[in-house]
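The values are calculated or read from the model by the stated rules, or taken from the named source; none is laboratory data. Nothing here was measured: the structure is a model prediction, and the numbers come from that model. Cβ atoms come from the backbone with ideal geometry, glycine included; neighbour counts cover every protein chain shown. Keep in mind that these areas ignore ligands, DNA and RNA; they rest on the heavy atoms of the full protein, side chains included. Shrake-Rupley method; radii C 1.70, N 1.55, O 1.52, S 1.80 Å.
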Amino acid sequence: VSLGYGKKNIIYYSDSPQLKALRYFPVTMFVVVGMFIVIAYLLFSTSRRSEQNLVWVGMAKETAHQLGTPLSSLIAWLEYLKMKGVNDEMTQEIGQDVKRLEMITERFSKIGSQPKLNAENINDALLQSVEYISKRSPKSVEFVFNPKGNILIPLNIPLFAWVIENLCRNAVDAMDGNGKIVIEVSDLQQYVYVDISDTGKGIPRSKQKTIFEPGFTTKQRGWGLGLSLVKRIIEQYHGGKIFVKRSEAGKGTTFRIVLNK
């Protein structure tokens, strides 16, 4: 640029600060919109999960309420049979099933509320559950459990028994009513491990995480709520963990429950 007097000058220029800022405007807009989408998705997922939980809680409490009337009637009929001198062995078996119905009603009534945990011997709790489920399983299913020692941990017996019965019943189904179920307890300083192993079909690796989701089932009949309730009872009510420790096609599966002492 000539300014006269035979001299030439050079002018340096660049984009204005406003123009430079506009370069990053589209990126900023994408980030902001992306954040809004993520937040909206999380809020929607939380709302849907909360709604599902309310539905399940409502169904559970309504089921407990509906079971109350016929259960009271069964208790009365049982006492009547005892008065009539009906076979003691028969009335004892009926009595055990009536008590089981009372426990089931109590379980459903506690869904959605924080249950009370008491210091219980986990070996006794496991033994009671195994004895109950083994009597109601095919004779071709072998249950192996050797309780050792007195291991006290915070437990809610009715809910914990529900967990064990669900896992054992699923194991019996996975073995088509023929095989072995082994229950082992490991006592550590801060935790107690409960391993439940079967000799069934196994679980594919791709499904080992989704089996605990509500609605997942491989049975023709079933709502797919068993393992989701098991997970809720162990993790939310007992502060523990449950997962598939090992599974191999055609050889079986091992579920591990981790509980705090």
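Out of G224, G179, one residue alone is closer than 28 Å to N260 by Cα and either surrounded by fewer than 19 Cβ atoms within 10 Å (Cβ to Cβ) or at pLDDT 85 or above (or both). It is G224. A count restricted to the stretch 114-142 and to residues that are part of a loop (DSSP other than H, G, I, E, B), modelled with pLDDT under 90, open to solvent by 50 Å² or more (accessible area, probe 1.4 Å) and not basic (K, R) stands at 3.
The set of residues in the stretch 143-164 that are surrounded by fewer than 20 Cβ atoms within 10 Å (Cβ to Cβ) and closer than 22 Å to G252 by Cα comprises F143, V144, F145, N146. Taking the criterion of being closer than 20 Å to S109 by Cβ, hydrophobic (A, V, I, L, M, F, W, C) and touching a residue at least 60 places away in the same chain (Cβ under 8 Å), the residues of the stretch 129-174 that qualify are L155, L159, F160, W162, V163.
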